[in-house]
Structures are given as C-alpha cells and as structure tokens.
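Since the structure comes first, as structure tokens, the remarks are kept for the end.
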Amino acid sequence: MKTACTTDISNPRVARRIRAALCGSLVLITGCAEPILPTYYGQAQVPLIGASVNGTDVLAGMFSAAGHTVAFRRTLITSDMESVDAIVWFPDDYAAPSPDVIEWFDDWLAKRPGRTLIYVGRTFDAAPSYWRAMAPLVSADQQVEYRKREQKAKSEAAFWPRPKSENLTCEWFEIRSQDSRAARELTGPWCQGIDLAKTDMSLWWRLVPARMEQTLLASDGEAIVGRQRPTADGGQLITVANGSFLLNLPLANHEHRKLAGKLIDSVGTSARVVFLESGEGGPPIDPPATDGSLWRMFEAWPLGVILLHFGVLGVIFCFARWPIFGRPRPLPAEVLVDFGKHVAAVGELLRRSKDRDYALAQLPPSEDSSSPTHHSPGA
C-alpha cells in the first residue's frame, strides 16, 4: 500500500547531531587539496578523523533524544550485557553471522522478555550519494573532481568482497545477491506516513528469513525490515536489509528519520541500548582475561585515547616547567646598596679562615674596653 506523508518529526537535538556529523566530514574535504571523505562503516565518530557518512552517530543521537541510554561496545561480554535491553548491530562484514554469535544472541534474547536485537545488513555505502549530492554545491572545477569521486565510489561498491556460499546462510536468514535498485514502492505496517517519492533507499542483497518472520517494511515483495521471535517468551530480532536509511548521511533525509523513529519505538521506552561495532568474523565473545598489565588500559576504548591525551599534556607540562626547557624568565635584580651583604661576605671569609683569634680581633671594641679588668688567677 502506498501512502503519502506531510508530517515532520524533526528534532532540534537530532538536527544538531546531523549537522555536526556532516559538517565534520565537509571540513576534512574542503580543507585539503585532495578530497578526503571518512567512510568507515558502522561506528561512532573516530577521534582525529571525524564522523563518517557510514557512521552511527545520528541514529545514536535519535535514541538518546527518545529517552534511551546509549553505549558503544566491540565485544560480547555476557556479564556486561545482563542489564542491556536492546542491541543495535551494524557488522562491517558481508558474510552471515557465525553460529557461535547467533547462539549467544539467541540465549541473550531468551533470558528476559522484551529484549530487542536489531541487525543491519552490510550492503550499502553512502559515499556515492555524498559526492552526488555535494557536486552541485561546489565550483565548476571541483564538480569534475566530485563526479570522478562518485564514479570511483560506485566502482568500489560494485566489487564488494563476495563471501563463500556456505557463509551466506545462518539460522536467522539467507543472504541472496541481486542487482542494486531503488525502492519503487513500500508496503507493510511501517509504510504508514512515509512519502516514497522523498526517500532514497537502495536495495541490494536480500535477507531471506530462515524462519517465520513478520514483514514490517517491504518493496516489490522483498522485505526491507522484518521481525522474528527466536523464542516463544523471549525478545525480538529485527533484521534490516541495509543501512540506506539508518546511517549518518541517509538520516539527513526527513522520511528516513521517520522510519528510524519507528525502529526506535520498537525497543520500548527508557531502554539501555548498546551499539555493537564489529568487523569481519563478528564480535569476540567473552574474550579471555589478560595479564592485568596497566598497559592494557591503552587498548580499551575510549580509555586508551583519554590516557594518551593525558600523557601528551604531561610531557608538554614538564617541558614548560623545567628551567632548561621552559620559557625564559627575567632573574631578580641584584641590590648593590645593601651593606648587610658586605658584612655577610666578610663574615663568610672569616669563617673559612678558621682563625678564631683573628676573627675576634676584627670585632669593634666594646664601650668598657678602655678599662679592662684584670683578674688574678686566684680571684
């Protein structure tokens, strides 16, 4: 069923997060002779690099604006996930999740009713959309470069690494490849209030469910968002075909934010939400304890970056305070008219001579020295 929507759910906090994410990328691009665009996938903003067009900063900001508590993790530590209500997973991996990871998530969903796992497929890259959208806003000379960048990004996306056939199937779904196309129609409960003409969603590889699934959003009979119930009394698994309406750059679109709002509403209210970041092979599960060395703290995010900054500030402080390295400062001026210094210098010379009688002889005579009193030995 096709529907049109004229309402707007824009939120000032979300709008600020979108502007910060996109402007950060724009500064990196315009400040260099060679255009540079952060395109790392499925992560929050990386320090010293900036927000990525494929990042999750904006979606995390929308969860926070809706009253949820948001955190970021890179490992599945069972004890740490006991109090978590929802996990949003953007794996930077084209293969299906491994059996060990699926077993961990199924157990986690079954332990407490009301939990939600949101899985977002990898097959989307926002870089071509960025170069295409920015080209009309730059000078004619820069437009040529931006068009080249767009074509290069499309070529890189066309040659995504294809996993082996046995890595495209899991207990949740099967990944089936198909040609890329835009969504031509929208059906399902989530299409209510969405203006298809204003969306820019891409459909590439499909996530065909391996068990009963409720289709929440579909296009031409192909599920974009689906809901599964791994256990009868457990939580829910929401699968999203790709991040074409959930990543940083796509969420600049108002209609995409409406769809993201429906996704946020599906986790309930005042939930503790964890954004899971993982690469090829999936996240580590309960990694073994280390030797407890203090140097291991530098490997923990974001503690490692914080400690590194403190270390740099400490080195700068030492160089600023040490006399040999510090800023030049004028020494206090010598007072040349202080007679007390002359007396102290003479006294020091007399002390160094170690001749007590000579030193006493230099003392001025007392008032009664003119009439000394001589005592006899027997007095």
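The values are calculated or read from the model by the stated rules, or taken from the named source; none is laboratory data. Remember, it's a predicted structure, so these values are computed and weren't measured experimentally. Reconstructed Cβ throughout: ideal geometry from the backbone, glycine too, with neighbour counts over all protein chains shown. Only protein heavy atoms, including side chains, enter the accessible area calculation; ligands, DNA and RNA are left aside. Shrake-Rupley method; radii C 1.70, N 1.55, O 1.52, S 1.80 Å.
The single residue among Gly188, Gly121, Gly193 that is within 31 Å of the chain's Cα centre (by Cα) and among the small types (Gly, Ala, Ser) turns out to be Gly121. Checked against (1) among the aliphatic types (A, V, I, L, M); (2) more than 30 Å from Glu166 (Cα to Cα); (3) in contact with a Phe, Trp or Tyr (Cβ under 6 Å, 6 or more places away or on another chain), Val46 meets all criteria but (3). Pairs are defined by a Cβ separation below 7 Å, a sequence spacing of at least 6 or placement on different chains, a first member in region 239-254 that is in contact (Cβ under 8 Å) with a residue 24 or more places away in the chain and on the phi > 0 side of the Ramachandran plot, and a second member that is in a loop (DSSP other than H, G, I, E, B) and surrounded by fewer than 24 Cβ atoms within 10 Å (Cβ to Cβ); no pair meets this definition.
Residue-wise test of (1) at pLDDT 95 or above; (2) open to solvent by 40 Å² or more (accessible area, probe 1.4 Å); (3) over 16 Å from Asn242 (Cα atoms).
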site	(1), (2), (3)
Ser155	no, yes, yes
Ala158	no, yes, no
Pro163	no, no, yes
Glu166	no, yes, yes
Ser177	no, yes, no
Ala183	no, no, no
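Residues that are modelled with pLDDT of 80 or more, of a type outside the set (D, E, K, R) and open to solvent by less than 90 Å² (accessible area, probe 1.4 Å) within region 320-377 comprise Gly340, Val343, Ala344, Ala345, Val346, Gly347, Leu350, Ser353, Ala359, Leu360, Ala361, listed in sequence order. Among the residues of region 245-254, those identified as outside any loop (DSSP other than H, G, I, E, B) and surrounded by 22 or more Cβ atoms within 10 Å (Cβ to Cβ) are Pro250, Leu251.
Here Asp107 does not qualify as closer than 21 Å to Pro38 by Cβ and among the acidic types (Asp, Glu).
Of the residues making up region 296-319, just one is at pLDDT below 85, more than 21 Å from the chain's Cα centre (by Cα) and open to solvent by 70 Å² or more (accessible area, probe 1.4 Å), namely Phe319.
Has region 110-121 got any residue that is at pLDDT 90 or above and part of a helix (DSSP H, G or I)? Checked region 110-121: at least one residue is at pLDDT 90 or above and part of a helix (DSSP H, G or I). Residues in region 146-158: is at least one assigned to a loop (DSSP other than H, G, I, E, B), of a type outside the set (Ser, Thr, Tyr), over 24 Å from Pro99 (Cβ atoms) and more than 28 Å from the chain's Cα centre (by Cα)? Within region 146-158 (the criterion being assigned to a loop (DSSP other than H, G, I, E, B), of a type outside the set (Ser, Thr, Tyr), over 24 Å from Pro99 (Cβ atoms) and more than 28 Å from the chain's Cα centre (by Cα)), the answer is no, since none of the residues qualifies.
Restricting region 196-216 to residues that are of a type in the set (Gly, Ala, Ser) and over 29 Å from the mean Cα position of the chain (by Cα), the residue that is nearest to Lys258 (Cα to Cα) is Ala197. Residues in region 67-93 that are surrounded by fewer than 18 Cβ atoms within 10 Å (Cβ to Cβ) and aromatic (Phe, Trp, Tyr): Phe72 alone. Counting only residues that are in contact with a helix residue (DSSP H, G or I) (Cβ under 7 Å, 6 or more places away or on another chain) and either closer than 16 Å to Ile118 by Cα or at pLDDT below 95 (or both), region 66-94 holds 3 of them.
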